[in-house]
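Every number in this text was worked out from the coordinates using simple rules, so none of it is lab data. It should be emphasised that the depicted structure is a prediction, and the values quoted were computed from it without experimental measurement. Cβ placement follows ideal geometry from the backbone for every residue including glycine, while neighbour counts extend to all protein chains displayed.
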Amino acid sequence: MNNFQIRKATPEDTQTIFDLIYKLAVYEKLENDVITSVEELRTNIFEKKFAEVLIAEEDEKPVGFALYFHNFSTFVGKPGIYLEDLFVEPETRGKGYGKALLVELARIAKERNCGRLEWSVLDWNTPSIEFYKSLGAKPMDEWTVFRLDKTGIENLAKSI
């Protein structure tokens, strides 16, 4: 991992964050679902502070990122960290950069006294699932993720 570093993103990284999000979407075959903009990301991440981002760099070039935010466990009574996205450029995979991003995120969770570090992975993404298991992560097979999209939120908000 020569010339490798992980750092907290700054507002100047917003275009890079957007580009990495798009590359992740292409990898997941979800590029048509990317509807955000650089400006929206800048506002929501750096002004409203809804999320935080770690940038992985090799030779000062961005090669990956982790975007995360806090949630809360009522049973544990502590905050947790939810990893929304983790991505490493395909040409730099196998160098330990994904693990390094997760290690840094675990350090942040420990420092903030979080009770959990959680994320979701697509069912078909076997390489990632095996990677996460190798780190000691456990699948939550008894749980199903539910989602309301923008229309669903609007419809539910105006009901009753």
Please give the Cα centre distance for the range 1-24 versus the range 135-160, rounded to the nearest Å. 27
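Calculate for the chain the 222 nm mean residue ellipticity that helices alone would give, adding -39,500 (n - 2.57) per DSSP H run of length 4 or more and normalising by residue count, nearest 500 deg cm²/dmol. Display every interim value, and only then the final one.
Working: 5 runs with 50 residues, N = 160.
Mean residue ellipticity at 222 nm (helix-derived): -9000 deg cm²/dmol.
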Using only C-alpha atoms and all pairs of different ones, pull out the Kirkwood radius for the chain in Å with one decimal. 17.1
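Please give the contour-minus-distance gain from E28 to E12: 0.36 nm per residue of separation, less the Cα-Cα distance, rounded to one decimal in nm. Could you put the intermediate results ahead of the total?
Details: separation 16, 0.36 × 16 = 5.76 nm, distance 2.60 nm.
So the chain would gain 3.2 nm between E28 and E12.
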Listed peptides 96-107, 141-152 by packing density, highest first (mean Cβ within 10 Å): 96-107, 141-152
For D85, which sequence-distant residues (separation of 5 or more, or a different chain) have an amide H within less than 5 Å of its own amide H, given hydrogens modelled in the peptide plane? L67
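Counting alpha carbon pairs within less than 8 Å and at least 6 residues apart, what relative contact order, in whole percent, applies to the chain? All intermediate terms of the calculation are to be shown ahead of the outcome.
On the way: 179 pairs, mean separation 28.2, N = 160.
After rounding, I find 18 percent.
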All other residues with a Cβ under 12 Å from the Cβ of S120 taken together, and with Lys, Arg as +1 and Asp, Glu as -1, what is their net charge? -4
What are the ³J(HN,Hα) values, in whole Hz, obtained from phi via the Karplus relation 6.51 cos²θ - 1.76 cosθ + 1.60 with θ = phi - 60°, for each residue of the range 122-133 in sequence order, with x given for Gly and Pro? 5, 4, 7, 7, 4, x, 5, 4, 5, 4, 5, 5
Around V63, which amide H atoms from residues at least 5 apart in sequence, or from another chain, sit under 5 Å from its own amide H, with H modelled in the peptide plane? A56, E57, E58
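Quick one: which of K8/K133; K8/K99; K78/K138; K8/K61 span more than 18 angstrom between C-alpha atoms?
Values: K8/K133 26 Å; K8/K99 16 Å; K78/K138 20 Å; K8/K61 14 Å.
Where the Cα-Cα span goes over 18 Å, the pairs concerned are K8/K133; K78/K138.
Nearest 0.05, what FRET efficiency do E40 and W143 give at R0 = 30 Å with Cβ-Cβ as r? Can you show the working numbers first?
Numbers: r = 29 Å, r/R0 = 0.98.
With R0 = 30 Å, the Cβ-Cβ based efficiency is 0.55.
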Eligible aspartates and glutamates near K29 by straight Cα distance, threshold 14 Å, same-chain separation 8 or greater: D123
Mean separation of Cα contacts under 8 Å (6+ apart) over length of the range 21-106, as relative contact order %: 19
